[in-house]
Amino acid sequence: MVLFDVPGWTVPADPTPAQASSRKRKRRQHTPDDLQSVQQNLDKLVRMLGDGHPDSDSRPPKKNKSRAKVDSQAVASSQGIPESRRAEVPTPKVSTPKDTAVVSKTKKNRQHKASKNPKRSSTEKSGPSDSPSKHPPPVQEKSGLTPLQKHMKQNLGGARFRLINEKLYKSHSVEAVEMMKKDPKVFQDYHDGFRHQVQSWPSNPVSHYIDEFSKYPPKTVIADLGCGDAALAKALHPENFNILSFDLLSDGIFVVEADICSQLPLPGSEPSSIERTEGEGQIVDVVVCALSLMSTNWPGCIREAWRILRPGGELKIAEVASRFTTVEDFVSLVRDVGFKLEKKDDRNTHFTLFQFKKVARATILEQEWSTLQSRGGVLKPCEYKRR
């Protein structure tokens with residue numbers, strides 16, 4: 001019994017002796033009838049695999065790549081496409097009902113997930129091109145600098161501030177004035193660095209004085225010596241206080257240019273004899289020196305404060321605690337210029353606050369003044385470690 005009776009595929013039952021002895025088997029030459037039989041059998045097998053029944057036409061046939069290829073070649077031939085380019089003609093894709101059902105089911109599942117998680121759905125719709133990169137580019141500030149560049153700029157600004165600050169502590173006030181006039185940007189850089197440094201302090205003496213003076217009577221005249229960016233005037237001037245601000249350079253609005261350790265452009269006088277007096281012509285009620293006793297001739301600022309203050313006027317000083325050799329020596333020097341200590345506050349770990357009252361004194365002779373100035377070492381300059 002023959003297992004597979006397929007026309008054109010019959011094989012003799014037993015090889016002939018000539019065939020068995022032949023080392024090289026010769027291929028059988030196919031005739032046109034054999035090729036036709038192969039094509040018929042191939043069609044029958046395709047129908048059987050696609051439908052399960054060789055003669056059933058109830059279901060559409062499955063994809064047939066060979067037929068699709070023949071169809072595409074026929075289309076290309078009818079359109080006049082050269083044979084060398086027929087391979088480029090795309091094969092038409094035939095969708096079956098089974099494929100349609102799968103797509104429909106997948107679409108329903110996606111809609112169900114989208115209703116549960118709308119955020120995820122919106123993200124999926126946006127596509128991979130809209131999703132944020134794993135490594136986003138550096139965020140740029142309005143100034144055009146990235147956070148890293150801004151940090152580096154702050155470090156450089158801080159280093160420049162420390163350099164200028166140390167130079168101001170170790171130089172005479174006349175040299176400081178010349179330095180600022182020669183390069184006004186030095187003044188701006190210094191105060192930019194100062195504002196940045198203030199942010200790391202537990203408290204700011206200027207803020208303390210703003211709160212304290214807000215309780216004083218209106219129209220009080222306050223002289224802010226070494227005012228910087230005139231924060232005191234900006235805060236208290238709208239509250240009907242008279243704030244006179246002085247520093248090495250003027251800002252054209254609040255700050256008056258002056259060497260506070262040499263001569264202030266305000267009325268006032270000193271005694272002209274050995275008789276103890278408080279001078280004449282003063283208009284200032286309070287003098288403030290908030291971290292401004294910087295130059296090597298800083299005692300001159302105390303003397304100017306005495307000259308411009310009304311009789312019984314107040315002198316308020318805020319200074320870095322680490323600058324004092326001893327607080328007693330500092331108080332003694334200020335007292336010899338013509339003040340009496342009324343209050344001291346050293347509760348802050350960074351700063352010490354003093355409140356003095358102006359008292360009468362005699363004239364200060366030149367030799368006596370030279371001795372007072374030589375005692376200026378009771379305040380040490382702020383020095384920074386080299387990095």
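The values are calculated or read from the model by the stated rules, or taken from the named source; none is laboratory data. What you see is a predicted model, and the numbers here were worked out from it, not measured in a lab. We place every Cβ from the backbone using ideal geometry, glycine too, and count neighbours over all the protein chains shown. Heavy atoms of the whole protein, side chains included, go into the accessibility calculation; ligands, DNA and RNA do not. Shrake-Rupley method; radii C 1.70, N 1.55, O 1.52, S 1.80 Å.
If I ask for residues that are surrounded by fewer than 20 Cβ atoms within 10 Å (Cβ to Cβ) and out of contact with any Asp or Glu (no Cβ under 6 Å at 6 or more places or on another chain), which ones from the range 191-202 would you list? Walk me through how you get there before you give the answer.
Of the residues in the range 191-202, the ones surrounded by fewer than 20 Cβ atoms within 10 Å (Cβ to Cβ) are 191-192, 194-202.
Asp192, Phe194, Arg195, His196, Gln197, Val198, Gln199, Ser200, Trp201, Pro202 - these are the residues of the range 191-202 that are surrounded by fewer than 20 Cβ atoms within 10 Å (Cβ to Cβ) and out of contact with any Asp or Glu (no Cβ under 6 Å at 6 or more places or on another chain).
Would you be able to say whether some residue in the range 308-317 is part of a helix (DSSP H, G or I) and within 22 Å of Tyr216 (Cβ to Cβ)?
yes
Within the range 334-345, which residues are assigned to a helix (DSSP H, G or I), open to solvent by 10 Å² or more (accessible area, probe 1.4 Å) and either aliphatic (A, V, I, L, M) or under 10 Å from Lys358 (Cα atoms) (or both)?
We begin by selecting, within the range 334-345, every residue assigned to a helix (DSSP H, G or I); these are 334-337.
Narrowing further to those that are open to solvent by 10 Å² or more (accessible area, probe 1.4 Å): 335-336.
If the condition is that a residue be assigned to a helix (DSSP H, G or I), open to solvent by 10 Å² or more (accessible area, probe 1.4 Å) and either aliphatic (A, V, I, L, M) or under 10 Å from Lys358 (Cα atoms) (or both), then Arg335 is the only one that fits.
Collect the residues in the range 305-333 that are under 21 Å from Val206 (Cα atoms), acidic (Asp, Glu) and open to solvent by 10 Å² or more (accessible area, probe 1.4 Å), keeping them in residue-number order.
If the condition is that a residue be under 21 Å from Val206 (Cα atoms), acidic (Asp, Glu) and open to solvent by 10 Å² or more (accessible area, probe 1.4 Å), then Glu314 is the only one that fits.
Please indicate, with yes or no, whether at least one residue in the range 158-167 is modelled with pLDDT of 85 or more, outside any helix (DSSP H, G or I) and among the basic types (Lys, Arg).
no
With respect to Ile222, is the statement that it is in contact with a helix residue (DSSP H, G or I) (Cβ under 8 Å, 6 or more places away or on another chain), surrounded by fewer than 19 Cβ atoms within 10 Å (Cβ to Cβ) and either in contact (Cβ under 8 Å) with a residue 12 or more places away in the chain or farther than 14 Å from Asp285 by Cα (or both) true?
Taking the combined requirement at face value, the residue does not satisfy it.
For the range 364-378, what are the residues that are in contact with a Ser or Thr (Cβ under 8 Å, 6 or more places away or on another chain) and surrounded by 14 or more Cβ atoms within 10 Å (Cβ to Cβ)?
Taking the range 364-378 first, the residues in contact with a Ser or Thr (Cβ under 8 Å, 6 or more places away or on another chain) are 376-378.
Within the range 364-378, Gly376, Val378 qualify.
For residues that are in a loop (DSSP other than H, G, I, E, B) and in contact with a strand residue (DSSP E or B) (Cβ under 7 Å, 6 or more places away or on another chain), scanning just the range 274-294, find the one that is most open to solvent (accessible area, probe 1.4 Å).
Arg276
Taking the range 206-239 on its own, how many of its residues are assigned to a helix (DSSP H, G or I) and touching an Asp or Glu at 6+ places or on another chain (Cβ under 6 Å)?
1
Identify the single condition in (1) touching a residue at least 60 places away in the same chain (Cβ under 8 Å); (2) more than 24 Å from Ala230 (Cα to Cα); (3) open to solvent by 20 Å² or more (accessible area, probe 1.4 Å); (4) of a type outside the set (D, E, K, R) that Pro271 does not satisfy, given that it satisfies every other one.
Result: Pro271 fails condition (3) only.
Do you know which of the residues in the range 331-387 that are free of Cβ contacts under 8 Å to residues at least 24 places away in the same chain and of a type in the set (A, V, I, L, M) is farthest from Gly268 (Cα to Cα)?
Val331
Of Asp251, Asp229, Asp211, which residue is without any contact (Cβ under 8 Å) to a residue 12 or more places away in the chain and over 23 Å from Gln373 (Cα atoms)? Explain how you work it out, then say what you get.
Values: Asp251 fails: without any contact (Cβ under 8 Å) to a residue 12 or more places away in the chain; Asp229 fails: without any contact (Cβ under 8 Å) to a residue 12 or more places away in the chain.
Of the residues listed, the single one that is without any contact (Cβ under 8 Å) to a residue 12 or more places away in the chain and over 23 Å from Gln373 (Cα atoms) is Asp211.
Checking the structure you have, find out if any residue of the range 203-211 is on the phi < 0 side of the Ramachandran plot, at pLDDT below 95 and open to solvent by 70 Å² or more (accessible area, probe 1.4 Å).
No, the conditions are met nowhere in the range 203-211.
For Gly300, indicate whether it is at positive phi, open to solvent by less than 60 Å² (accessible area, probe 1.4 Å) and at pLDDT 95 or above. Explain how you work it out, then say what you get.
Numbers: at positive phi: no; open to solvent by less than 60 Å² (accessible area, probe 1.4 Å): yes; at pLDDT 95 or above: yes.
In short, no.
Restricting to the range 347-359, give me the number of residues that are at pLDDT 95 or above and either farther than 21 Å from Arg323 by Cα or surrounded by fewer than 16 Cβ atoms within 10 Å (Cβ to Cβ) (or both).
3
Any residue in the range 170-199 that's over 26 Å from Val378 (Cβ atoms): show its pairings with residues that are open to solvent by 40 Å² or more (accessible area, probe 1.4 Å) and not in a helix (DSSP H, G or I) at Cβ separation under 6 Å, as long as the two are six or more apart or on different chains.
His191/Asp229
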